[in-house]
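A single structure is presented below for examination.
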Amino acid sequence: RAKQDGRGVFRFFEPALDAAARKRRMLELDLREAIQGGQFRLNFQPIFDLKRDRIGGFEALLRWEHPTRGNVPPIEFISVAEETGLIIAIGDWVMQEACRQATAWPDHVRIAVNVSPLQFRNSGFPNVIFQALSHSGLAPNRLEIEITESVFLDGETTVVTLLHKLRAMGIRIALDDFGTGYSSLSYLRSFPFDKIKIDKSFVNAVAEDKSAAAIVRAIVDLATALHMETTAEGVEDRDQLSELRGQGCSSIQGYLFSRPIEGELVEAMIGSAMSAAA
Ligand code: C2E
Ligand code: MG
Ligand code: MG
Ligand code: MG
């Protein structure tokens with residue numbers, strides 16, 4: 001009955017759509033203020049190198065402390081920032097801030113920065129990286145950018161050209177959330193990534209589910225054959241860790257080792273992880 005009455009259905013849903021649109025519009029206005037108002041900060045999550053038995057780097061994760069709503073998680077605002085183009089300015093800030101903070105860390109510790117497709121395709125992007133590196137003085141080989149395969153969706157050739165250009169600057173390139181997209185394998189042929197990050201949906205199940213374990217094993221073997229490193233994302237328990245170690249995964253990231261932490265705590269964590277390993 002509802003299907004026949006098109007107008008009735010529309011009227012029924014209209015207030016809900018309106019509320020969603022209003023909420024999105026408010027989020028957009030708040031996001032504009034957040035940039036000016038310094039409401040963003042970075043947290044850092046360690047990536048533990050299983051081969052060298054030490055922290056190999058940290059991933060910068062954006063945090064928004066909204067003046068009235070408190071902490072707003074990235075999943076709620078990154079998409080709005082992308083739709084409105086605000087991600088360009090936000091991503092610029094993330095890049096500068098991440099590189100700046102990483103200069104205080106030991107030389108072997110890298111910083112990984114998420115780059116959204118819109119930001120990556122923006123013509124100013126190489127310059128943003130160049131500025132972040134030159135202002136901070138961070139060595140380019142300590143910067144790793146994390147992209148998802150969705151950057152390839154409009155025009156593989158230009159993306160690959162840019163990736164080679166960034167690589168020529170010394171920057172490392174990681175393919176994030178591997179396995180969740182449409183045709184991940186073909187992108188592995190188009191560009192020699194430094195690292196593949198195995199999505200946490202596979203990692204979660206690796207210890208209990210034979211098919212998840214088989215998929216992770218296949219990804220690790222494939223990456224190894226292609227001379228790429230692997231990071232397992234979202235490692236939460238010891239069973240997952242031992243399975244991943246056994247499969248030859250290069251590094252792990254997840255709550256088992258540590259949640260994302262404040263920037264001021266990073267150096268202490270590197271120090272205590274080194275003395276624990278010694
Ligand atoms: P991602 O790049 O895949 O980052 C990993 C996410 O997994 C982070 O969520 C991290 O907190 C979470 N995580 C880490 N270990 C575990 C674990 O053991 N269990 C579980 N359940 N989760 C774990 P977060 O910080 O909420 O970020 C979500 C996504 O938002 C990121 O996914 C990334 O796509 C995006 N994001 C975060 N910061 C930035 C940024 O600066 N720029 C852009 N463009 N995107 C960002
Ligand atoms: Mg990431
Ligand atoms: Mg990821
Ligand atoms: Mg993810």
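Nothing in this text is a laboratory measurement; each read-out follows from the coordinates by a stated rule. Quick caveat, the model's predicted, so the values are computed rather than measured. Note that we place each Cβ from the backbone using ideal geometry, even for glycine, and neighbour counts take in every protein chain shown.
Which of the aspartates and glutamates could a cross-linker span from LYS165 if the Cα-Cα distance has to be under 20 Å and same-chain partners fewer than 8 positions apart are dropped?
Excluding near neighbours in sequence, the set is ASP92, GLU144, GLU146, GLU149, ASP154, GLU156, ASP176, ASP194.
For every helix of n ≥ 4 consecutive DSSP H residues, a contribution of -39,500 (n - 2.57) applies; sum these over the chain, divide by its total residues, and give [θ] at 222 nm rounded to the nearest 500 deg cm²/dmol.
It comes out at -15500 deg cm²/dmol, rounded to the nearest 500.
Please turn the phi angles of the stretch 158-165 into ³J(HN,Hα) values with the Karplus equation 6.51 cos²θ - 1.76 cosθ + 1.60 (θ = phi - 60°), one per residue in order, whole Hz, x for glycine and proline.
Each residue of the stretch 158-165 in turn: 5, 5, 5, 4, 5, 4, 5, 5 Hz.
Related question: Give me the dipole magnitude in Debye, nearest 20, for the chain about the Cα centre, with unit charges on the beta carbon: positive for Lys and Arg, negative for Asp and Glu.
380 debye
How do the peptides 136-149, 235-248 rank, highest first, by the average count of neighbouring beta carbon atoms within 10 Å per residue?
136-149, 235-248
Continuing with the same structure: In whole Hz, what ³J(HN,Hα) sequence does the stretch 172-178 give by Karplus (6.51, -1.76, 1.60; θ = phi - 60°), x for Gly and Pro?
8, 10, 10, 9, 8, 6, 4
Work out the length of the dipole vector of the stretch 196-256 about its Cα centre, built from +1 on the beta-carbon of each Lys and Arg and -1 on the beta-carbon of each Asp and Glu, and round it to the nearest 20 debye.
140 debye
Here's another thing I want to ask about it. Taking a ≥ b ≥ c as the square roots of the Cα gyration tensor eigenvalues, with a/c under 1.5 meaning rounded and otherwise prolate when a/b beats b/c, else oblate, which class fits the chain?
Prolate shape, in that a/c is at least 1.5 and a/b is the bigger ratio.
For the stretch 185-197, take each phi angle, set θ = phi - 60°, evaluate the Karplus expression 6.51 cos²θ - 1.76 cosθ + 1.60, and give the result in whole Hz per residue in order, putting x for glycine and proline.
4, 5, 5, 5, 7, 7, 8, x, 4, 6, 8, 10, 9
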